[in-house]
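Only one structure is covered here, and it is reproduced in the block below.
The values are calculated or read from the model by the stated rules, or taken from the named source; none is laboratory data. Since this is a predicted model, take the numbers as computed values, not measurements. Glycine gets a Cβ as well: all are built from the backbone with ideal geometry, and neighbour counts include every protein chain shown. Accessible surface areas use protein heavy atoms only, side chains included; no ligands, DNA or RNA. Shrake-Rupley method; radii C 1.70, N 1.55, O 1.52, S 1.80 Å.
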Amino acid sequence: MKEMDTLLKTVSDGLKILAQGVRIIADKLETFAEQHQEDVAESPVKPVPVHETQDNASSGKTPGKAAGRPISKGKKAVSASDRVYKAMSRINRPVEIALLAEKTGLNKKQVQNALYKLKKEGRVENVSKGVYRTMA
């Protein structure tokens, strides 16, 4: 029983220290927010677009891979592969994955997946490890 009391006291002390740390962090964040409130007030706020989604329950279909995707209205979304290929075409030389990620706004894994697809389609080729170029 003494061991249990000792363990509970240790956990209790640890939680108190953790709570103090959280309070300190919260205070610092609050101070930071107050100091930079003018910056936030001056920066333009961009509205977040709201998209309608299909209601699969009413159609009688079971939810599939596209469940919850926004309904497309007119403009077709550009795929990651197309974005990568266009960036490579603009650069017009062998290019590394990191640079493609920077130019397209995609993360490295998305770029790698797009390059894999483009390579299978014969639109790009691997020059060396992590370096690709478009096919002429």
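Quick notes
- Taking each residue of the stretch 104-128 that is closer than 11 Å to ALA80 by Cα and looking for partners that are part of a loop (DSSP other than H, G, I, E, B) and open to solvent by less than 90 Å² (accessible area, probe 1.4 Å) with beta-carbon atoms closer than 8 Å, six or more apart or interchain, yields ALA114/SER79; ALA114/LEU106.
- Elements of type helices (runs of 4 or more DSSP H) in the stretch 25-136, at least 2 residues being at pLDDT below 90 and open to solvent by 70 Å² or more (accessible area, probe 1.4 Å): 37-42, 56-59
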